[in-house]
Amino acid sequence: MIEIKDVSFTYESGESENSLRNINLKIKDGETVLLCGESGCGKTTLTRLINGLIPHYYNGQLTGQIYLDGKEVKDYQLYQIAPMVGSVFQNPRTQFYNVDTTSEIVFGCENMGLPVQEMLARLENTTKCLKLENLLGRSLFALSGGEKQKIACASADAICPNTFVLDEPSSNLDISSIKDLTEVIRQWQSENKTVIVAEHRLYYLAPYADRIIYMKRGEICNEYTREEFLGLDPKELKKMGLRALNPFDLMPEKTPEANEKSLQIDNFWFSYEKRGYPIVNIPDLTLPQGEIIGIIGDNGAGKSSFARCLCGLDKSSKGTLKLNGNALNAKKRRHISYMVMQDVNHQLFTEDVLDELLLSMDGENEEEDKVRAQEILAGLDLSDKLKLHPMSLSGGEKQRVAIGSAVASGKEIIIFDEPTSGLDYRHMLEVSEKLIQLKEMKKTLFLITHDPELIYKCCTHLMFIEHGRILWHRPMDNEAVRLLQEFFSHEKGSSAMAI
């Protein structure tokens, strides 16, 4: 049993966001609890109380008591909590200690000193349960974001704890992988495990949660049974800043207009040397210019690789892009394009948020650049973060800073890889509004996304990638909606969708 009594916590930095106030909570053994609320409401901080990272790793002002199996968390050593509470973080890279998947899955077991045969048995059971046989023996650096998240879940599962704490576990997963994650959680439930999940995506977990806890400004504002929560009106959910419970039933908000200008892709081809087969293989493709093009497909389908080829970032890739009648090789494409990566930690370089945006601007007029950068940050709800170090921000805030840098760059082609990963409803809307503004400025945008709400909010066109090939692309019309819904409902996502 987990019990939190009269707990308040403020981080050492003194930030008010993510702090907790007067938390009282009991979680029974075998209970599945969903924590929801807008970004910064304290969900992640609450999970850190349970897995012992507070007070054993994160410093701050803590009052009250946290009990794990009848003993205060502060009286445990962190290594004693690790076998009791398995943790899966929002960014799986932060919990990796190896370079290959198999070693990573058994790493916790090795630290527990388990016999080799026991470790191998757990490895087999975990990979079978999570359907990860095809990921064994792979380099962690070659995995997609969703595949990395699966390995993080497997590492926690192999330890066989009684409690699992997951922080935004679906943020980098495609629909098929979310179904797999749901099956894993259901398996844990059948084993009477305690499962606590902090999430913005509610649709996959709410039907199976025993209790839903809604947080706001560091406090528990309300608790719902499963039936009560599923019965909430969609307007009420929006008012609470929560994502839709049935996002696949939404419809596009705008009908795309005809566009005569186009981008022409010729003979795009890319392969990793060891793979022996192409990751991207697109003989020819014509796409509209100045539009918002959503890119969908399963994890590992080649979406991010296609984006890097488009930007000219993979120097070994082949092919040309014709823009305004001019053929652009990879070097030229790097000058006119900007890519917001799935893991934005790779592209945050400066000492504060404002400088991060200024870095992507031309610098011809410093004062004008500052004013424009501040306007962009205000539109992304980051005005109060101007002087903070980018790496001190939450995952969702970092995501918005990277998006702000893309907006500030003024490039003709901008590619966003999972731009709403870890964002709540309100911030997803702010991002979609920024994307629409860029479209109005005649920019061509590509959105790699598994977020149906974002697609319906702003995409004018849609394309589907499988095994590095474009199976179909079309305007966001009724047929595209049908194909999109088929993709989201199809178990594997796939070739059955070719048209």
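Got a sec? Charge dipole of the chain, +1 on Cβ for Lys and Arg, -1 for Asp and Glu; which of 435, 270, 214 is way out at the positive end?
The residue sitting most towards the positive pole is 270.
By counting other Cβ atoms within 10 Å of each Cβ, how are 430, 375 ranked from fewest to most? Before the final figure, lay out each step's value.
Details: 430 18, 375 12.
Listing 430, 375 from fewest to most nearby Cβ atoms yields 375, 430.
Among the listed pairs 193/216; 131/318; 43/398; 261/443; 216/398; 5/216, which have their C-alpha atoms separated by more than 23 angstrom in this model? Working shown, then result.
Working: 193/216 27 Å; 131/318 34 Å; 43/398 17 Å; 261/443 12 Å; 216/398 20 Å; 5/216 18 Å.
193/216; 131/318, as the Cα separations exceed 23 Å there.
If you count the DSSP beta bridges with both ends in segment 262-497, what percent of them are antiparallel, to the nearest 5?
Working: 22 of 39 bridges.
Close to 55 percent.
Under the 0.36 nm per residue contour assumption, what length would be gained going from the current alpha-carbon distance of residue 389 and residue 191 to full extension? If you can, show how the numbers build up before the last one.
On the way: separation 198, 0.36 × 198 = 71.28 nm, distance 4.25 nm.
Answer, rounded to one decimal: 67.0 nm.
Exactly which GluC sites (Glu not before Pro) in segment 184-293 are in a DSSP loop and have at most 13 other Cβ atoms within 10 Å?
Details: sites: 191, 199, 219, 223, 227, 228, 236, 253, 257, 260, 273, 291; in loops: 191, 199, 253, 257, 260, 273, 291.
Here the GluC sites (Glu not before Pro) that fit, given the DSSP loop and packing criteria, are 191, 253, 257, 260, 273.
Return the distance in nm (one decimal) between the two label points of a simple spin-label model at residue 57 and residue 362, each offset 7 Å from Cα along Cα→Cβ.
So the two model labels end up 4.5 nm from each other.
Read phi for every residue in segment 340-352 and hand back ³J(HN,Hα) as whole Hz from Karplus 6.51 cos²θ - 1.76 cosθ + 1.60, θ = phi - 60°, with x for Gly and Pro.
Calculated HN-Hα couplings, in order: 8, 6, 5, 9, 5, 4, 6, 10, 10, 10, 9, 8, 8 Hz.
Quick one: which residues, 5+ away or cross-chain, put their amide H under 5 Å from the amide H of residue 328? H built at 1.01 Å from N.
321, 322, 323
For segment 65-75, take each phi angle, set θ = phi - 60°, evaluate the Karplus expression 6.51 cos²θ - 1.76 cosθ + 1.60, and give the result in whole Hz per residue in order, putting x for glycine and proline.
So the Karplus estimates, Gly and Pro as x, are 10, 10, 10, 10, 6, x, 10, 5, 4, 5, 8 Hz.
Return 306, 9, 488 ranked ascending by Cβ neighbour count within 10 Å, so the fewest neighbours appear first. It would help to have the intermediate numbers written out before the result.
Numbers: 306 30, 9 24, 488 18.
Sorted ascending by nearby Cβ count, the order is 488, 9, 306.
For the chain, what is the calculated [θ] at 222 nm in deg cm²/dmol (nearest 500), taking -39500 (n - 2.57) for each run of four or more DSSP H residues and dividing by its residue count? Before the final figure, lay out each step's value.
Details: 18 runs with 168 residues, N = 499.
The per-residue figure over the chain is -9500 deg cm²/dmol.
For residue 266 paired with residue 22, estimate the spin-label separation in nm (one decimal), with each label point 7 Å from Cα along the Cα-to-Cβ line.
Going by the 7 Å Cα→Cβ label model, 6.9 nm.
What residues from segment 177-196 fall in the zone where the backbone N is under 20 Å from a label point 7 Å along the Cα-to-C-beta line of residue 131?
So the set is 177-191.
What ranking of 269, 188 emerges when the number of other C-beta atoms within 10 Å of each C-beta is taken as an exposure proxy, fewest first?
Details: 269 16, 188 22.
Result, fewest neighbours first: 269, 188.
Only the coordinates and a few stated rules stand behind these numbers; no lab work does. Note that the coordinates shown come from a computational prediction; the quantities given were computed from them, not determined experimentally. Methodologically, a virtual Cβ is constructed for each residue, glycine included, from the backbone with ideal geometry; neighbour enumeration extends over all protein chains shown.
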